[in-house]
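Bear in mind these aren't lab numbers, they're just calculated from the coordinates by the rules spelled out. Since the structure is predicted, the reported quantities are computational estimates derived from the model, not experimental observations. Note that each Cβ is placed from the backbone with ideal geometry, even for glycine, and that neighbours are counted across all protein chains shown.
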Amino acid sequence: MTRDIDRDDERQPEKEQTPEHPVREAHTKEDRIRTPVQERDRTFQISRDERETMRDLGRFRIVALKDLAAHRYQGNTQWMTEDLKNLRQQGLIRCRTLWLARGGEKEKFVTLTKQGERLMKGDAGAPRQEIFSGFVKRAEVAHDAAIYPAYQAEAARIEKEGGRIGRVVLDYELKRLIYKPLAKIQPQVSKDEYRKRQAEVAAANGLKVVGGRVRLPDLRIEYETRDGERTSIDLEIATASYHGSHAAIKAAAGFRIYGSQETASRLSRSLEERDIVADILSL
């Protein structure tokens with residue numbers, strides 16, 4: 001259970017000790033060169049690497065520092081520290097520290113500021129890609145940050161099979177697509193008519209009604225298969241508080257579930273006892 005988030009950390013982000021990850025070699029020196037980027041009446045100095053880091057932060061809203069080091073920088077914490085320091089000094093990102101449990105270890109998380117969000121609007125790298133910024137509910141930061149490593153695991157599988165990632169869709173966006181049209185008709189129609197319309201809206205957005213509710217994933221990945229087919233996969237992050245009934249509902253909705261190794265094992269056993277087949281993978 002979360003405890004608290006401290007105030008903005010004005011110090012340089014701490015280096016994560018991840019020597020087991022190889023240093024990224026695919027990028028060139030040109031990726032580290034900062035060039036002027038104009039936004040309204042301000043000019044920022046940003047490199048290609050920093051722009052890609054901002055793109056990840058904008059797509060997923062919140063990323064844990066350790067996951068950014070492992071996936072975005074492939075263990076090169078020196079480059080990560082340099083980039084985050086430059087972006088923070090220009091007011092484009094914010095770092096916060098979260099205690100995961102009372103008396104437990106603290107962890108750092110990164111997000112875009114509103115200025116960073118504005119800068120990335122229209123530069124998301126995929127059609128209709130939403131960009132987000134800021135910490136929302138502090139009790140959900142650890143859960144929301146787990147979306148990023150789950151995406152990395154699923155993206156690796158998709159690309160290994162020859163697929164190409166398009167855009168990612170967080171539940172914030174899906175909620176708007178579902179609830180906005182339903183809110184308009186709810187006071188005006190009967191229960192049966194509402195349920196019919198609910199199923200239609202869900203189906204139109206590739207979702208299902210389970211237990212009387214449209215079930216929303218934490219993340220949708222839209223991609224193109226090796227054969228050129230456009231499709232998507234919906235992911236759900238299972239927390240330690242998840243019960244077998246929660247997992248059963250998400251499985252019925254067709255979601256692929258990710259959780260810690262302990263959580264994934266526990267939920268897999270629970271679903272097996274119910275004779276429910278589901279994809280539950282560990283992070």
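Rounded to the nearest 0.05, what FRET efficiency is calculated for Arg138 and Ala203 with R0 set to 30 Å and r the Cβ-Cβ distance? For R0 = 30 Å, the calculated efficiency reads 0.30. Within the shell defined by Cβ-Cβ distances under 13 Å, the residues around Tyr194 carry a net charge of +3, with Lys and Arg each +1 and Asp and Glu each -1. Across Arg40, Arg176, Arg215, mean-square fluctuation computed from a Gaussian network of the chain (C-alpha pairs under 10 Å connected) peaks at Arg40.
In percent, rounded to a whole number, the relative contact order of the chain is 15, using alpha-carbon pairs under 8 Å and six or more apart.
As an exercise, use a Förster radius of 41 Å and the Cβ-Cβ distance of Ser241 and Arg118 to find the FRET efficiency, rounded to the nearest 0.05. Result of the calculation: an efficiency of 0.70. Remark on Asp279: its backbone amide H falls under 5 Å from those of Ile257, a criterion applied only to residues 5 or more positions apart or on other chains, H modelled at 1.01 Å from N. Of all DSSP bridge pairs formed entirely within segment 156-283, close to 65 percent run antiparallel. Peptides 188-195, 229-236, 68-75, 244-251 ordered by packing proxy, namely the average of other Cβ atoms within 10 Å per residue, highest first: 68-75, 244-251, 229-236, 188-195. Separation of the alpha carbons by more than 28 angstrom is noted, of Lys137/Lys180; Lys106/Lys208; Lys121/Lys175; Lys114/Lys175, for Lys106/Lys208. Of the three principal axes defined by the Cα atoms of segment 150-282, the extents in descending order read 47, 38, 23 Å.
Cα convex hull of segment 88-231: how many Å³ per residue?
It comes to 171 Å³ per residue, whole-number rounded.
Largest GNM mean-square fluctuation among Arg266, Arg96, Arg157, using the chain with Cα springs under 10 Å: Arg157. Amide H contacts of Phe132 (H built 1.01 Å from N, in plane; Pro and chain starts excluded): Arg59, Arg61 sit under 5 Å, all sequence-distant by 5 or more or on other chains.
Give the angle, between 0 and 90 degrees and rounded to the nearest 10, that separates the Cα long axis of helix 171-185 from the longest principal axis of the Cα atoms of the chain. Value to nearest ten degrees: 40.
Computed over the alpha-carbon pairs of segment 29-135, the distance histogram in 10 Å steps reads 15, 47, 30, 6, 1 percent, short to long. Each peptide among 30-39, 86-95 gets the average number of other Cβ atoms lying within 10 Å of its residues, and from highest to lowest they stand as 86-95, 30-39.
I need the calculated FRET efficiency for the pair Glu39 and Ile249, taking r as the beta carbon distance and R₀ as 41 Å, to the nearest 0.05.
For Glu39 and Ile249, the calculated efficiency is 0.45.
Legend: P(r) of the chain from all alpha carbon pair distances, 10 Å bins from 0, whole percents, reading 6, 25, 33, 24, 10, 2, 0. Between 0 and 90 degrees, the angle of helix 77-89 with respect to the longest Cα principal axis of the chain falls at about 90 degrees.
Mean sequence separation of contacting Cα pairs (under 8 Å, at least six apart), scaled by the length of segment 29-135, corresponds to a relative contact order of 29 percent.
In debye, nearest 20, what is the charge dipole magnitude of the chain about its Cα centre with +1 on Lys and Arg Cβ and -1 on Asp and Glu Cβ, if you could check? Intermediate results must be reported in sequence, preceding the final value.
On the way: 53 positive and 47 negative charges, 200 e Å.
With only Lys, Arg, Asp and Glu charged at Cβ, the dipole is about 960 debye.
Full extension of the chain between Glu272 and Gln152 gives 40.5 nm of extra length, using 0.36 nm per residue less the Cα-Cα distance. Short-range pairs are left out: with C-alpha atoms under 8 Å and at least six residues apart, the relative contact order of segment 131-259 is 26 percent.
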